[in-house]
Every structure is written in C-alpha cells, then in structure tokens.
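Heads up: the structure comes next, in structure tokens.
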Amino acid sequence: MINQNNGDKYREIMSIGNFTKHAIENFENNIVEQKDYLEKVKSHEKSKDLE
C-alpha cells in the first residue's frame, strides 16, 4: 500500500514536471517566433479585464 502511494506521488510529480517543461518550451518558442508576443499577451489580458 505504501509503495503504491509513493508510485502515485511520483507519477503526479512527473506529470507536473512534464507540464512545466512543455509550458516553458512553448513560451520560449513564442518569444523567439513573435517579437511582439509580450504586447499581445498584455492586450489579451486587458481585453479579458474588460469583459
């Protein structure tokens, strides 16, 4: 039972790590490909605030 709990915790940590890795890679790709990426993000955030 304890081994199963440890395995579940490991899988959760691993999935969080993979999610973070992919999020960083996607962010880096967007920054490299789009010079105005941060401006687009800011304008998107402002438009969400207006809703």
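The values are calculated or read from the model by the stated rules, or taken from the named source; none is laboratory data. Nothing here was measured: the structure is a model prediction, and the numbers come from that model. All Cβ positions, even for glycine, are placed from backbone atoms using ideal geometry, and neighbour counts span all protein chains on display.
Key figures for this structure:
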item: In the chain, the residues that are in a loop (DSSP other than H, G, I, E, B) and not aliphatic (A, V, I, L, M); result: Q34, K35, D36, E51
item: Output for the stretch 9-42, where each listed residue is surrounded by 11 or more Cβ atoms within 10 Å (Cβ to Cβ) and among the hydroxyl-bearing types (S, T, Y); result: Y37
item: Residue list for the stretch 24-51, restricted to those being of a type in the set (F, W, Y) and at pLDDT 80 or above; result: F27
